[in-house]
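A short reminder: the numbers here are calculations on the coordinates, not readings from a lab. Every value quoted in this text rests on a predicted model; they were computed, and no experiment measured them. For neighbour counting, all protein chains shown are included, and Cβ atoms are generated from backbone atoms with ideal geometry for every residue, glycine included.
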Amino acid sequence: MDIIFLGALEIDTVIGIYDWERKIKQKIILDIEMGFDIKKAAFSDDITQTLDYKAVSDRVVDFVEHSEFFLVEKLIEEIANILLGEFAIPWVKITLNKKGAISRARDVGIIIERGTR
């Protein structure tokens, strides 16, 4: 399986359980890997034969910017559901980084894999 990826996709959103977090937007950073067979696109040189990563990026950014979840667990699961449900991919791996969530840690987050690799 080939992998198409988006690295360090930065999006501002309302996320968190504390009152102060509900009043501001915080930056999350996503790394997304998606399984996809690129052979047809490589042969045809035609964008319609591949996974359009701009369309994926636009969809994820729009969703995350307008979401207001309490938990990053909920947010990342919903992103995975959108990608698997709306794009022709059998597998996705997502890393969600909520920098600054823990004062002594540079990075804090979750990594999930969904679908069949």
Practice task
Starting from residues that are over 22 Å from Asp62 (Cα atoms) and in contact with a strand residue (DSSP E or B) (Cβ under 6 Å, 6 or more places away or on another chain), keep the ones in region 91-115 and report whichever is surrounded by the fewest Cβ atoms within 10 Å (Cβ to Cβ).
Solution key: Asp107
Practice task
Filter region 66-79 down to residues that are closer than 14 Å to Gly109 by Cβ and free of Cβ contacts under 8 Å to residues at least 40 places away in the same chain, then give me how many there are.
Solution key: 4
Completion exercise
Exactly one of Thr50, Thr13 is surrounded by 16 or more Cβ atoms within 10 Å (Cβ to Cβ), within 21 Å of the chain's Cα centre (by Cα) and within 17 Å of Leu75 (Cβ to Cβ), and that residue is Thr13
Problem - Among residues of region 54-96, those that are assigned to a helix (DSSP H, G or I) and among the small types (Gly, Ala, Ser), counted - result: 4
Handout entry: Flag if Tyr18 is farther than 18 Å from Glu113 by Cβ, touching a strand residue (DSSP E or B) at 6+ places or on another chain (Cβ under 8 Å) and among the hydroxyl-bearing types (Ser, Thr, Tyr)
Key = no
Completion exercise
Of (1) surrounded by fewer than 13 Cβ atoms within 10 Å (Cβ to Cβ); (2) under 12 Å from the mean Cα position of the chain (by Cα), Ala88 fails just (2)
Completion exercise
By residue number, the members of region 1-53 that are charged (D, E, K, R) and either assigned to a helix (DSSP H, G or I) or on the phi > 0 side of the Ramachandran plot (or both) are Asp19, Glu21, Arg22, Lys23, Lys39, Lys40, Asp45
Practice task
Determine the pairs where a residue that is touching a residue at least 12 places away in the same chain (Cβ under 8 Å) and closer than 18 Å to Ile82 by Cα, located within region 9-38, has a partner that is outside any strand (DSSP E or B) and of a type in the set (Phe, Trp, Tyr) with Cβ atoms under 6 Å apart, the partner being 6 or more residues away or on another chain.
Solution key: none
Handout entry: Counted residues, region 97-111 - those being touching an Asp or Glu at 6+ places or on another chain (Cβ under 7 Å) and in a strand (DSSP E or B)
Key = 2
